[in-house]
1. So how do 331-341, 383-393 stack up, highest first, on mean other-Cβ count within 10 Å?
2. Obtain the nm distance between the two label points defined at residue 377 and residue 485 by a simple spin-label model: each point lies 7 Å from its Cα along the Cα-to-C-beta direction.
3. Evaluate E = 1/(1 + (r/R0)^6) for residue 57 and residue 300, where r is the Cβ-Cβ distance and R0 equals 45 Å; express this FRET efficiency to the nearest 0.05.
4. Among DSSP beta bridges lying fully in the range 1-141, give the percent that are antiparallel, nearest 5.
5. Among 162-170, 75-83, 490-498, 308-316, how do they line up from the highest to the lowest mean number of other beta-carbon atoms within 10 Å?
6. When the chain is fully extended, how far beyond the present Cα-Cα distance does residue 274 get from residue 440, taking 0.36 nm per residue of separation?
7. Nearest 5 percent is fine: what portion of the DSSP beta bridges confined to the range 435-538 is antiparallel?
8. What does DSSP give for the chain in terms of the percent of beta bridges that are antiparallel, rounded to the nearest 5?
């Protein structure tokens with residue numbers, strides 16, 4: 001019989017060791033509201049009792065539409081403790097996308113703010129599986145509130161006797177690089193992620209973490225950190241108020257922070273202009289899209305001498321896979337990056353096995369070492385390990401396309417093209433689905449964009465293909481620092497600037513776009529398919 005384990009145990013253990021230490025901190029006007037580890041554990045137990053009173057059971061899937069805050073963290077851990085599975089869907093994907101995801105997962109429970117409860121009333125078909133509805137806030141028609149349930153509930157039931165392989169949650173991908181898919185997590189996978197993050201970054205109990213990406217507010221209590229949730233809209237990081245982020249970092253003397261490149265493109269220049277130095281910040285983790293050298297430089301300029309920028313690599317299906325030091329990127333890898341090698345994402349993290357296989361779009365049923373390419377060749381990255389998920393929820397076709405069976409183990413196809421250097425480090429080339437198939441062979445976007453991005457006028461660029469696969473024309477779409485500068489002369493200048501590097505010579509044309517479309521979760525991944533459609537329209 002396998003061991004019992006529930007991810008909520010990690011908070012319980014921290015509550016015993018660190019009872020009076022801050023677990024969660026959030027803004028309350030001009031001050032801060034704090035929950036200690038003892039208070040957090042007590043609140044989780046009360047919430048567990050309230051959820052059980054409402055009629056939720058172990059094994060139930062429960063859609064959660066509550067904004068990230070202390071109450072949200074309490075709710076998620078109470079569901080873990082109950083043995084239920086919180087289903088987390090990014091509301092930024094829009095109403096239609098949210099409704100599709102809910103209908104596909106068919107949750108038994110629903111917990112949401114007033115607006116989410118109203119959505120449930122207006123679109124009952126998508127929520128027809130829901131038997132238990134709980135309002136988190138004001139009382140809508142036909143629902144009980146979590147606050148009233150807390151008052152009525154008695155003593156908390158015992159923690160559910162789950163095992164590492166038991167389901168713990170369903171986390172949806174953002175839908176930015178394909179349809180949004182539900183990713184089942186087990187209690188053991190969460191434990192493996194916590195251990196991997198601690199080992200990868202040397203996190204210590206009591207470290208103050210500012211979570212600018214909502215899932216990190218869940219990792220913090222499991223790691224024994226003091227986690228601060230700044231006052232930002234977690235669904236739209238590109239709109240983050242830099243003053244609020246800097247306030248949280250400085251007033252709470254943060255040791256680490258995790259956020260999207262979109263946030264740091266706002267925070268770094270804002271802080272630098274005002275002469276702020278984040279002297280306590282030792283680990284600044286930036287992820288969600290490729291992180292380019294100029295952003296690393298800007299962030300390092302506002303950190304103290306002990307500060308470092310890290311660029312974690314992974315996905316909802318596998319996290320963390322690897323990480324790279326920003327100082328190493330600038331000192332050791334920048335020349336390669338800007339000559340077409342791609343972005344160095346480092347060696348595989350502890351516990352992760354990685355391979356590079358030949359590029360095919362079809363499913364691969366069984367693993368074979370013959371799939372692997374030679375070192376230095378481009379191919380699709382595949383990974384396995386305890387923190388790597390094994391399937392998609394209710395999505396057999398997507399599971400078949402993304403997973404490779406290897407006996408009792410499963411490889412996950414990351415959908416990213418990489419190549420290995422002489423030291424076994426991985427260099428990211430771009431998404432497999434974004435490759436441009438020319439008559440002379442494939443081109444990989446990120447590797448080529450890095451070359452053109454060194455032009456002073458270029459804010460960012462996107463390589464797209466126009467025409468039929470196999471004979472596509474490679475076109476570079478450019479977003480300028482100053483959109484008013486766009487001209488035919490500047491297009492020729494940018495083209496000439498990039499084509500001095502052999503890897504970029506196949507690029508035939510430059511088009512200007514005022515503001516790139518980006519993903520809904522991190523507001524940083526470029527929507528290249530949308531730009532390709534736009535570029536094709538410019539050619540008619």
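Read the figures in this text as sums done on the coordinates, not as results from a lab. Since the structure is predicted, the reported quantities are computational estimates derived from the model, not experimental observations. So basically every Cβ, Gly included, is an ideal-geometry build from the backbone, and we count neighbours across all protein chains shown.
1. On the way: 331-341: 16.0, 383-393: 21.2.
Ranked by mean Cβ neighbours within 10 Å, highest first: 383-393, 331-341.
2. Placing both labels 7 Å beyond Cα along the Cβ direction yields 4.1 nm.
3. Numbers: r = 50 Å, r/R0 = 1.11.
Computed FRET efficiency for residue 57 and residue 300: 0.35.
4. Values: 6 of 17 bridges.
Rounded to the nearest five, the antiparallel share is 35 percent.
5. In descending order of packing, they fall as 75-83, 308-316, 162-170, 490-498.
6. 54.8 nm
7. 75 percent
8. 60 percent
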